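J.: One structure, pasted below without further comment.
Where a number appears in this text, it was derived from the coordinates with a stated rule and is not lab data. All values derive from a computational prediction rather than experimental measurement. Positions of Cβ are backbone-derived with ideal geometry, glycine not excepted, and every protein chain shown enters the neighbour counts.
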Amino acid sequence: MFFSITNFTNHENISLSKKQVEIVENVKNDLINDLGSKITIDELAGKYCISKTTLKNCFKEVYGKPIYNWRKEYRLDYACKLIDEGSYSITDVSKMVGYSSPSKFSQAFKDYVDCTPSDYRK
């Protein structure tokens, strides 16, 4: 389910080592496996024994966006998918994609999609 909304980049045009691409893929998996966690770049860099700068640069090269921008967009794209399914309340969706406050979720959603989650559902 998660992979169907992830924007993958063609790895053939990337000038990173196989190990760096593997680390970026693992970081991406860490970011999407628990959308509610507050994972920091320091924690990710430490976990994969890579400098923060290298991690940020590698991630951006693979996915075309900084880590936190990518994760925010992923969370909101996933929220759209959950809303489209129609099985969950907006409050449930906000929790499922890692927002502790439905109002913060609604504002982020509106900034990203140009409408509120309730209007998107209609």
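J.: Past 19 Å, Cα to Cα: identify those pairs from K47/K95; K18/K38; K60/K104; K81/K122, in the order given.
T.: Going by Cα-Cα distance, K47/K95; K18/K38; K60/K104 fall outside the 19 Å limit.
J.: A further question on this structure: Could you bin all the Cα-Cα distances of the chain into 10 Å bins starting at 0 and give me the percent of pairs in each, rounded to whole numbers?
T.: 13, 42, 29, 15, 2
J.: By how many nm would the segment from V113 to S89 lengthen if fully extended, with 0.36 nm per residue of separation less the alpha-carbon distance?
T.: The span from V113 to S89 would gain 6.9 nm if fully extended.
J.: Here's another thing I want to ask about it. At 0.36 nm per residue, and after removing the present C-alpha to C-alpha distance, how many nm does the segment from R121 to K47 gain when stretched out fully?
T.: 22.8 nm
J.: To the nearest 10 degrees, how steeply does helix 102-113 sit against the main Cα axis of the chain, on a 0 to 90 scale?
T.: Helix 102-113 sits roughly 70 degrees off the main axis of the chain.
J.: Could you check the spin-label model distance between D77 and N29? Points 7 Å from the Cα along Cα→Cβ, value in nm.
T.: 1.9
J.: How large is the helix-only mean residue ellipticity at 222 nm for the chain, computed as the sum of -39500 (n - 2.57) over DSSP H runs with n ≥ 4, divided by its residue count, in deg cm²/dmol to the nearest 500?
T.: Calculated mean residue ellipticity at 222 nm is -19500 deg cm²/dmol.
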